[in-house]
1. When you look at Ala396, is it surrounded by 21 or more Cβ atoms within 10 Å (Cβ to Cβ) and either part of a helix (DSSP H, G or I) or on the phi > 0 side of the Ramachandran plot (or both), yes or no?
2. Being away from ligand 1 (no atom under 16 Å from the Cβ), of a type outside the set (Lys, Arg) and surrounded by 16 or more Cβ atoms within 10 Å (Cβ to Cβ) narrows it down to one of Pro70, Pro92, Pro116, Pro88, so name that one.
3. Checking the conditions here, which among Ala129, Ala97 is under 29 Å from Ala256 (Cα atoms), modelled with pLDDT under 95 and part of a helix (DSSP H, G or I)?
4. Which pairs do you get when a residue that is free of Cβ contacts under 8 Å to residues at least 40 places away in the same chain, found in region 264-287, comes within reach of a residue that is surrounded by 22 or more Cβ atoms within 10 Å (Cβ to Cβ) and assigned to a strand (DSSP E or B), reach meaning Cβ atoms under 8 angstrom, with the pair 6+ apart or on two chains?
5. Looking at Met228, Met207, can you tell me which residue is of a type in the set (A, V, I, L, M), surrounded by 16 or more Cβ atoms within 10 Å (Cβ to Cβ) and within 13 Å of ligand 2 (Cβ to nearest atom)?
6. If you check Pro191 against the conditions, is it within 16 Å of ligand 2 (Cβ to nearest atom), out of contact with any His (no Cβ under 6 Å at 6 or more places or on another chain), modelled with pLDDT of 95 or more and under 22 Å from Leu272 (Cβ atoms)?
7. Considering only region 155-175, state which residues are among the β-branched types (Val, Ile, Thr) and either surrounded by 19 or more Cβ atoms within 10 Å (Cβ to Cβ) or assigned to a loop (DSSP other than H, G, I, E, B) (or both).
8. Hey, which of the strands (runs of 3 or more DSSP E) in region 246-335, taking only ones fully inside, have at least 1 residues that are surrounded by fewer than 21 Cβ atoms within 10 Å (Cβ to Cβ)?
Amino acid sequence: MKILVVGGGGREHAIIKKLKENPQIQEIFALPGNGGIAQDATCVAIGAKEIDKIAAFAVDNGIDYAVVAPDDPLVLGCVDALEAKGIPCFGPRANAAIIEGSKVFSKDLMKKYGIPTAAYEVFDDCDKALAYLDTAPIPTVVKADGLALGKGVIIAMTREEAKAAVISMMQDKQFGASGDHVVIEEFLTGPEVSVLSFTDGKTVVPMVSSMDHKRAGDNDTGLNTGGMGTIAPNPYYTDDIAAECMRTIFLPTIAAMNAEGRTFKGCLYFGLMLTPNGPKVIEYNCRFGDPETQVVLPLLESDLLTVMQATTNGTLAETSVKFRDGSACCVIMASKGYPQAYDKGFAITVPEEVASHVYVAGAERKEGALLTNGGRVLGVTAVADTLETAIEQAYALTARVQFDNAFYRRDIGARALKAMGEKN
Ligand code: AMP
Ligand code: GLY
């Protein structure tokens, strides 16, 4: 079989490495991939948003199955375009990807179908939003409607901060058209849990839960990033909470999307907050999380391609999806300065024994050398029987990967370990 994977980050590298365990796969093409992915797939210089070129490539190269991993191409209709050419895909069509593409859509969906989430108001007029903020409860959360590279969310601790966020989104168009509408919502508190799930639009199979670490610095300080590390499973997500989420959030979301004529197939990511009033949805993503995938897929025992095809074919209920016991930890190595300005072009050395643990996100290959080419450069994952050992091993492996200007958080998983200590 020939497989095409759209995307070029650490998540895509993790998907490709997992897919490669299936001996029926002869070749994997990554569009565009990256310098590290090039060791595991054939990289082709077609951007993830070049939908027409992707579809043409798939036809010309006899692709049997396509995996569309990032949000942008999903929202732009990459799955629709591939399906129109007769190529089966993993991922939602554009009319379902809107669950991530528009926060106004997802908030209205949750309200209409009674799915627990933060209370909110939507504004398309800057003055009305500012007037609302004169009396809104503080802290509050201001969100740009559309995709904004994870940066369109401002937690405002004061009225002034909230108003400044509204002005930068709605007036100064910091996120372009994403700021035409803003959501202003209730500030929630509690541990956060990421639950990725496979769904064929009828059955939903949650994967092992995980915990992201979004801030750049230790102890959750510094700027928000795309994610500086992850652990799985998330100790806050108990069996009881999982059962409650299935009943109050996961199944109702699948049913709501069907009722709207927007059947969702692929990976639906539930970003949850375990509030004192029960689990609530912070956000939906229409895809695998990055770097959650780098801890979730290494724990998957079942064949990834088989499970993906079951989401496409509507046979997920009859398909076994098994995760191994134990834990995984992924430490992201980034370029000093990220998520702001950083230098790139530094040579990366990965010892051979460490390579199987590494998922490359931002690197290019030049004359045989692997060079840094992004803010998040790579992730190093270890799997072990306990979380404590997974963390220890991930850090021991990380210490053996070298490039100039590297930085990484030293406390990935520390809060999870502490929570486990408190439970016992
Ligand atoms: P998002 O991009 O929607 O995942 O939001 C980024 C981060 O902002 C989340 O991971 C949460 O930590 C935080 N956040 C988003 N919405 C809320 C909320 N209503 N209350 C508290 N924190 C929030
Ligand atoms: N790690 C969060 C995300 O993928 O959106």
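1. no
2. Pro92
3. On the way: Ala97 fails: modelled with pLDDT under 95.
The match here is Ala129.
4. That search, which allows pairs on different chains as well, returns nothing.
5. Working: Met207 fails: within 13 Å of ligand 2 (Cβ to nearest atom).
Result: Met228 is the single residue among Met228, Met207 that is of a type in the set (A, V, I, L, M), surrounded by 16 or more Cβ atoms within 10 Å (Cβ to Cβ) and within 13 Å of ligand 2 (Cβ to nearest atom).
6. Values: within 16 Å of ligand 2 (Cβ to nearest atom): yes; out of contact with any His (no Cβ under 6 Å at 6 or more places or on another chain): yes; modelled with pLDDT of 95 or more: yes; under 22 Å from Leu272 (Cβ atoms): yes.
So Pro191 passes the test.
7. Those that are among the β-branched types (Val, Ile, Thr) and either surrounded by 19 or more Cβ atoms within 10 Å (Cβ to Cβ) or assigned to a loop (DSSP other than H, G, I, E, B) (or both): Thr158, Val166.
8. Numbers: elements: 266-275, 278-285, 327-335.
Strands (runs of 3 or more DSSP E) meeting the threshold: 266-275, 278-285.
The values are calculated or read from the model by the stated rules, or taken from the named source; none is laboratory data. This is a predicted model, so every value here is computed, not measured. Here the Cβ is made from the backbone with ideal geometry for all residues, glycine too, and neighbour counts use every protein chain on show.
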